[in-house]
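Notes for the one structure printed next.
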Amino acid sequence: MHSVNCMPKDCAKQWEILLLLLSSEEKKIDRTNETEIDTMNYFYNNEGVQKILLHWLQQMKSTYARKISESDTALKCDEVSLLWRERGNEKFRANLVEGSYNCYTKSVLYAKHNSLMYSLALANRSAALLRMKRFQECLSDITLAIANGYPTDQQHRLLLRRTDCHIELKQRSEARASLDAAIRHAESLKLSATNALEFERHVKILERKLDSVVEEDGVKESVTLPECFMGLNPHFKAASNAIELRYNDTVGRHVVAKANTKRGDVLFSEEPYAWVTLPSEERVCEMCCKADINPVPCDACSRSVYCDERCRARAFFHRWECVAAQSALIPTIGIAHLALRVLIISANDGFPMPPRRLAKPCTAADLFKSYAQVDNIKIYDKDTPPFFRMFNLVTNFDKMNNMDYIQYALTATMLTLYLEKFTSFFEYLPSKVPCALSPGELRLFAAAIVLRSLGQLVCNGHATLSLSVVEDDDGRNGRTLTEKEVRRATAIYPSAAMMNHSCDPNIINTFYNSRLIIRCSRELSPGSEVLNCYGPHRAREPTAQRRAQLRAQYMFTCACSACSDSERKDFVLLFSAYACQSCKGPVSWQNNRPRCQQCNAEFHPDRALALIDRAEELATQADQARSLEERCEKMSASYRLRQKVWHRHHAGLRAVADKLARLYADAGEFSRSMELIKQNIQNLEYQFGSFSVEVAHELRKLSDVMLERIFNSPHHADQREWCLEAHKIIKKAIQLMELNYGPWEPLVARLKEQETFVASLLAETRTPNTVDCIHHNLHYNLKI
């Protein structure tokens, strides 16, 4: 294989090339009709393939499982930890609290576990957390710092910090006990006169704060997850009693409603069989998928983080993945990480006894075959071991491109070699299978499980989505916080995977940490099929493009209602259409002589493009203008020109209207801002539907502008009418946000605070303190 000499120097970038080269060598034999055991018997026992893959694994480990630079290391290193702690100290002294927190977190990640450096990093991070008003997390870091050997002669400072947190949390008794402990500890130290005076000064400050504290219930309000409509179905694990699993020869297994359901009813509430968090700047707990965490790292590596020590202790899988994390294997192999996790989780639970008696002596092929000899409907009974549901998900290997299949087999070979050569997994595995297998058969069985899982995950994997706060700074009007949907993890949900696809689905997927909660998006009658969207959606791509995507990944030609509707097959093209110069109807520019779809008039693109160019110039001038008034004027002129060229439903027109609405709101021209947002809401309702997530976000924007108008003109004659309209819009935004994301999202809580405040204005029960608090939060969360 002379082409290997052309490999990039970075071994992580070699992986896909290596797969391509090896699969090109092996593509002559079509293996897509083989069993997974037969395929892996060939590849795992191929000495040439083994040698190449093992060499690559060793390269990855030697390259990445070490100190990468002065500021980064895959393993623990007190020097790197100290560097980040000192950077954090500089930022903290400069009052850059969030920046110091990020530096201290890196110091925590890199410090050796149970060391002085680890305790110092935690203590410093607790100081930043106190300033950030993240009191519970501050308390956790203080507890960890003391438990990990924080110097005794400085612990009185941490105890004072702990007291401050309890005071802020209105936990009077805990604050009193903590302050008393700090005083006792300080007395045992025999502080110098200067330090004693400083300590006494802090104690007096805290005593005064404590005197004003009224004890509150310290129990944090827990999230109550919604229950499945009509209770749980004993014959369909994690599913509602309002639905059932059926089978026919045309569509295979599918989900059908057996009772009338309405919008918002919960049809599934399912924890994943397996999951992996995705690489991202935002840290997510690898055990529970909770986001926005105060990270607690793995004891051995700096690459894996958890929300607390309990999750770290529960993350049994990391025992076998730690070296892979150190070696940068996990971000390199993509979805194959989830296939590895399936094997590890299955082994941890113990591979169940097959329903049919196994031959003696047993082989990997015997065991593998026996797991498929089940009733594919009855395995969804709630008491059936979950492995049977996972194992019997479809793979589509028989429909797959041979090169793709071979690459999956090579990936499974590499991962099995990793477990064999870099971990003790195969010393652990024999006690987890239901029959005695020889060492070779055991490795073959594990490799085949990984291969099968790869095929299943491509067809059945779910991306877990939630809202993440993103900060924008345009350099002119300060910071704006906005939410965007982010993928936090990829997971496999065997029950939810039974839903077939439609480009016009009738369900909504929401996530609470790793749990998938599926609701009806519209009413269903008995006998109606429950349909998910696998990605391509009727409101986002034209029919031909959707079908091509589904054929490429899922190996079927979509015949859903949206794809079969010949009249609306190009519906989505309306949102990129130009406006007819005669009747303003839509012109889809798909050929050399575009014509209007309504009046058939010929469209002249040169004139349209010239106007768009001028509109772009005006938009650039608006961005560069010094005064807000001039920015509004230029952007408004740009918008009017685009209105002449683009059809009224054009997505680009919405984007410009959104920018202009932001400028009008900044300038205090709230009526103009609201008018533009209302136009966008009508447009989005037409494209995505009245209960869509797109409309939900636009309603949230509208409510923010309405509230700003109320605050800016508190004595206006129309104040009550403004409050009534704002209250109505906020309630609608809450309804749609809860439907599309769940009531546990922080954004929903903020909207509910706004609703309560507006209701108090309408009832004339507001207080100055309430106004100040809500107004501060409003400015903080303004997202236009």
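For the range 687-744, enumerate the residues that are open to solvent by 20 Å² or more (accessible area, probe 1.4 Å), β-branched (Val, Ile, Thr) and modelled with pLDDT of 95 or more. The answer is Ile729, and nothing else.
Can Tyr64 be described as among the aromatic types (Phe, Trp, Tyr), surrounded by 16 or more Cβ atoms within 10 Å (Cβ to Cβ) and under 18 Å from Gln326 (Cβ atoms)? Break it down stepwise before answering.
Numbers: among the aromatic types (Phe, Trp, Tyr): yes; surrounded by 16 or more Cβ atoms within 10 Å (Cβ to Cβ): yes; under 18 Å from Gln326 (Cβ atoms): yes.
So Tyr64 passes the test.
Restricting the search to the range 265-294, which residues are surrounded by fewer than 18 Cβ atoms within 10 Å (Cβ to Cβ) and in contact with a helix residue (DSSP H, G or I) (Cβ under 6 Å, 6 or more places away or on another chain)? Answer for the range 265-294, where residues must be surrounded by fewer than 18 Cβ atoms within 10 Å (Cβ to Cβ) and in contact with a helix residue (DSSP H, G or I) (Cβ under 6 Å, 6 or more places away or on another chain): just Pro279. Cys599 meets all of the listed conditions (1) in contact with a Cys (Cβ under 8 Å, 6 or more places away or on another chain); (2) free of Cβ contacts under 8 Å to residues at least 60 places away in the same chain; (3) among the hydrophobic types (A, V, I, L, M, F, W, C); (4) open to solvent by less than 20 Å² (accessible area, probe 1.4 Å) but one, namely (4).
Among residues belonging to the range 205-219 that are of a type in the set (A, V, I, L, M) and open to solvent by 50 Å² or more (accessible area, probe 1.4 Å), point out the one that is farthest from the chain's Cα centre (by Cα). Here the answer is Ile205.
Of everything listed in (1) within 28 Å of the chain's Cα centre (by Cα); (2) open to solvent by 10 Å² or more (accessible area, probe 1.4 Å), the single unmet condition for Met353 is (1). Evaluate the range 71-80: report whether one residue or more is more than 27 Å from Leu451 (Cβ to Cβ), part of a helix (DSSP H, G or I) and touching a residue at least 24 places away in the same chain (Cβ under 8 Å). Within the range 71-80, one or more residues are more than 27 Å from Leu451 (Cβ to Cβ), part of a helix (DSSP H, G or I) and touching a residue at least 24 places away in the same chain (Cβ under 8 Å). When the range 748-768 is examined, which residues are found to be closer than 16 Å to Val705 by Cα and either among the polar types (S, T, N, Q) or open to solvent by less than 40 Å² (accessible area, probe 1.4 Å) (or both)? Matches in the range 748-768: Leu751, Gln754, Phe757, Val758. A search for C-beta distances below 6 Å between a residue of the range 305-324 that is open to solvent by 40 Å² or more (accessible area, probe 1.4 Å) and any residue that is part of a loop (DSSP other than H, G, I, E, B), counting only pairs 6+ apart in sequence or on different chains, returns Arg314/Met287. Residue pairs whose Cβ atoms lie under 6 Å apart, separated by 6 or more positions or on different chains, with the first residue in the range 661-675 and over 15 Å from Ser703 (Cβ atoms) and the second among the basic types (Lys, Arg) and assigned to a helix (DSSP H, G or I), are Leu663/Arg631; Tyr664/Arg672.
Residues checked against (1) in contact with a Pro (Cβ under 8 Å, 6 or more places away or on another chain); (2) open to solvent by 70 Å² or more (accessible area, probe 1.4 Å); (3) part of a helix (DSSP H, G or I); (4) not aromatic (Phe, Trp, Tyr):
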position: Lys584; (1), (2), (3), (4): no, yes, no, yes
position: Ala608; (1), (2), (3), (4): no, no, yes, yes
position: Ile612; (1), (2), (3), (4): no, no, yes, yes
position: Ala619; (1), (2), (3), (4): no, no, yes, yes
position: Asp623; (1), (2), (3), (4): no, yes, yes, yes
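When we screen Arg125, Arg87 for residues that are over 30 Å from Ile406 (Cβ atoms), open to solvent by 40 Å² or more (accessible area, probe 1.4 Å), at pLDDT 95 or above and part of a helix (DSSP H, G or I), the only hit is Arg87. Only residues that are farther than 25 Å from Ala196 by Cα, open to solvent by less than 60 Å² (accessible area, probe 1.4 Å) and either of a type in the set (Lys, Arg) or outside any helix (DSSP H, G or I) (or both) were counted across the range 130-184, and they come to 5. Restricting to the range 192-204, count the residues that are open to solvent by 50 Å² or more (accessible area, probe 1.4 Å) and touching a residue at least 12 places away in the same chain (Cβ under 8 Å). Residues in the range 192-204 being open to solvent by 50 Å² or more (accessible area, probe 1.4 Å) and touching a residue at least 12 places away in the same chain (Cβ under 8 Å): 1 in total.
From the list Lys399, Lys378, Lys360, Lys369, which one is within 18 Å of Ala239 (Cβ to Cβ) and open to solvent by 10 Å² or more (accessible area, probe 1.4 Å)?
Values: Lys399 fails: within 18 Å of Ala239 (Cβ to Cβ); Lys360 fails: within 18 Å of Ala239 (Cβ to Cβ); Lys369 fails: within 18 Å of Ala239 (Cβ to Cβ).
None of the other options fit; the residue is Lys378.
Quick one: is Leu574 buried (at least 16 other Cβ atoms within 10 Å of the Cβ), modelled with pLDDT of 95 or more, under 24 Å from Tyr686 (Cβ atoms) and under 33 Å from the mean Cα position of the chain (by Cα)? So Leu574 fails the test.
For the range 412-437, which positions are touching a residue at least 24 places away in the same chain (Cβ under 8 Å), of a type in the set (S, T, N, Q) and open to solvent by 10 Å² or more (accessible area, probe 1.4 Å)? Result: Thr423, single match. Residues of the range 745-784 that are under 17 Å from Leu702 (Cβ atoms), modelled with pLDDT under 90 and of a type in the set (Lys, Arg): Lys783 alone.
Considering only the range 636-645, I want to know if a residue exists there that is of a type in the set (Phe, Trp, Tyr), open to solvent by less than 90 Å² (accessible area, probe 1.4 Å) and not in a helix (DSSP H, G or I).
Pass one, the range 636-645, residues of a type in the set (Phe, Trp, Tyr): 639.
Cutting the leftovers down to open to solvent by less than 90 Å² (accessible area, probe 1.4 Å) gives us 639.
Of the ones still in play, those that are also not in a helix (DSSP H, G or I) are none.
No, because not a single residue in the range 636-645 is of a type in the set (Phe, Trp, Tyr), open to solvent by less than 90 Å² (accessible area, probe 1.4 Å) and not in a helix (DSSP H, G or I).
Within the range 354-366, residues that are under 16 Å from Asp38 (Cα atoms) reach partners that are outside any loop (DSSP other than H, G, I, E, B) with beta carbons closer than 7 Å, at six or more positions or on different chains, in the pairs Thr363/Glu441; Ala364/Ile37; Ala364/Glu441; Ala364/Leu444; Ala364/Phe445; Ala364/Ala448; Ala365/Ile37. A single entry from Tyr110, Tyr101 fulfils the requirement of being open to solvent by 10 Å² or more (accessible area, probe 1.4 Å), modelled with pLDDT of 95 or more and touching a strand residue (DSSP E or B) at 6+ places or on another chain (Cβ under 8 Å): Tyr110.
For the range 550-570, what are the residues that are under 19 Å from Gln687 (Cβ atoms) and surrounded by 15 or more Cβ atoms within 10 Å (Cβ to Cβ)? Correct list: Cys560, Ala562, Cys563, Arg568, Lys569, Asp570.
Whenever a residue of the range 504-529 is farther than 18 Å from Met737 by Cα, its partners that are of a type in the set (Asp, Glu), lying with C-beta atoms within less than 7 angstrom and at least six residues away or across chains, give the pairs Ser514/Glu271.
Scanning the range 384-399 for residues that are modelled with pLDDT under 95 and out of contact with any helix residue (DSSP H, G or I) (no Cβ under 7 Å at 6 or more places or on another chain) returns Asp398, Lys399.
Hey, which of the strands (runs of 3 or more DSSP E) in the range 455-519, taking only ones fully inside, have at least 3 residues that are more than 23 Å from Ser240 (Cα to Cα) and at pLDDT below 95? Talk me through it step by step, then tell me what you get.
On the way: elements: 461-473, 479-492, 507-512.
The strands (runs of 3 or more DSSP E) meeting that bar are 461-473, 479-492.
Note on the range 625-635: residues that are charged (D, E, K, R), closer than 25 Å to Ile681 by Cα and either touching a residue at least 24 places away in the same chain (Cβ under 8 Å) or surrounded by fewer than 14 Cβ atoms within 10 Å (Cβ to Cβ) (or both) total 1.
Residue count for the range 505-527, restricted to those that are open to solvent by less than 20 Å² (accessible area, probe 1.4 Å) and either within 14 Å of the chain's Cα centre (by Cα) or under 13 Å from Arg488 (Cβ atoms) (or both): 4.
The values are calculated or read from the model by the stated rules, or taken from the named source; none is laboratory data. The structure displayed is predicted, hence computed values, not measured ones. Positions of Cβ are backbone-derived with ideal geometry, glycine not excepted, and every protein chain shown enters the neighbour counts. We work out accessible area using only protein heavy atoms, side chains counted, and drop any ligands, DNA or RNA first. Shrake-Rupley method; radii C 1.70, N 1.55, O 1.52, S 1.80 Å.
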